[in-house]
Amino acid sequence: MNLRVECYAGRKADERPIRFCLDEREYMVEEIVDQWYGPDDAFFKVRADDGNLYILRRRTSAAEEEWSLEAFRELNP
């Protein structure tokens, strides 16, 4: 699975995701439901324009920005 994330950059770079692409499909982030931080990661629970929930993880300790999809929940079967 190929994941690309585009972020809003306000006071600091990559503050929060605004859209992401899984393989060939692009999703707009409609709402950041929750976010939390670990020692080496930042997590964002988002609701996308398809109505489903996704948990995106940004590895903050890596030299290069690294994103992964940690969870998916289908809300509109």
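Just so you know, all these numbers are worked out from the coordinates, no wet-lab data involved. It should be emphasised that the depicted structure is a prediction, and the values quoted were computed from it without experimental measurement.
The length gained by stretching the chain between ASP49 and ARG73 to full extension, at 0.36 nm per residue less their Cα-Cα distance, is 7.3 nm. Amide H contacts under 5 Å for ILE18: GLU6, CYS7, TYR8, restricted to partners 5 or more places along the chain or on a different chain, H placed in the peptide plane at 1.01 Å from N. Extension gain, MET1 to ILE32, is 8.9 nm, computed as 0.36 nm per intervening residue step minus the present C-alpha separation.
Semi-axes of the equivalent ellipsoid for the chain, computed as √(5λ) from the eigenvalues of its C-alpha gyration tensor and ordered from largest down, come to 20, 13, 13 Å.
D by Stokes-Einstein for region 1-40, Kirkwood Rh over Cα pairs, 4 °C, 1.567 mPa s: 113 µm²/s. Using alpha-carbon pairs under 8 Å, 6+ residues apart, how would you state the relative contact order of the chain in percent? Result for the chain is 20 percent. Extension gain, ASP23 to SER61, is 11.2 nm, computed as 0.36 nm per intervening residue step minus the present C-alpha separation. Near GLU66, the amide H atoms lying under 5 Å from its own belong to ARG59; only residues 5 or more places off or on other chains count, and H is placed 1.01 Å from N.
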